[in-house]
Each structure stands twice: as C-alpha cells, then as structure tokens.
1. Against the condition in a helix (DSSP H, G or I), touching a residue at least 60 places away in the same chain (Cβ under 8 Å) and not basic (K, R), how does V30 come out, does it pass?
2. Only one of (1) in a helix (DSSP H, G or I); (2) under 23 Å from T92 (Cα atoms) is not met by I6, so which one is it?
Amino acid sequence: MNASDIPALYIRGIRWIGDGTGLPDMFLHVHAGMIIFIMTRLVTGKSFGRVTPLLAVFCCEMANEVMDRLNYGSWRWIDTGTDIVNTLFWPTIIFLTVRGRPIRVKQRRQRHSYRSRDYLTGVQTEIAAHHES
C-alpha cells in the first residue's frame, strides 16, 4: 500500500459506515460533527464556548473534504459546501450559545442578589448586588 491508496481506502471506510448505518450522507456529516465536537470537549476539558472543540470539527471536516478531492480527482463544490454546512451547523450553534451565555449570567448577577457561602465556616449570607442607575 502506498500513499496514493489512502484516499480510496478512506472513502471505502466512509461508504462502509454509511451502508452500515443506512443514513444518508447529510446525516452522517451532522452526527460526525457532533461526535467530534463532544469528544474534543471530553478529551481537552475545554468548554463548548471555547474555540478548541469547534476548531477540531472544522479541521476534521477540511481533512475529509481533502480526502474526497484526492479520491475523486477534482473538487465537487456543491457537495463540499453542503458537507461543510451539515458538519459545522450544530457545533457552531452550540458554540455561539455557550459563548454568549456568560454575558447574560454576569448581567443577571448584577441585577439580583445572590447567596454566598464561606466554605471555611459554612456560613451562607445574602449579598445584594449594587446597581447604579
């Protein structure tokens, strides 16, 4: 086996997964994107709001599209574009949602009081957030 056999072997493996699951290519991309996103989160410990899990999905998808290109001999732009969108859509939505969340939590803490616990003494106190208007 030489380097030129790798793209064909890769595509054969991808087709085997598709045939085994019975899922269309579109759903395989959605699931692959989410699996890579979640696994990167678990392995690195980085939050979904950090760029690392999303970047991992992007890099894996780009590698997948390069393998397609090497196997088929040319870019298939419509297929490539839909593959990229299907793979990155939900990880991007989750990234943006989590990324925006700390801002709202911080704003909520400024508007309302919250409880604070002194972990050395176990005393819990009510702290009113000061709000200047």
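Rule-based calculations on the coordinates, nothing more; no lab input. All of these numbers come straight from a predicted model, not from anything done at the bench. FYI the Cβ positions are ideal-geometry reconstructions off the backbone, even for glycines, and counts take in every protein chain you see.
1. yes
2. Unmet for I6, out of (1) in a helix (DSSP H, G or I); (2) under 23 Å from T92 (Cα atoms): (2).
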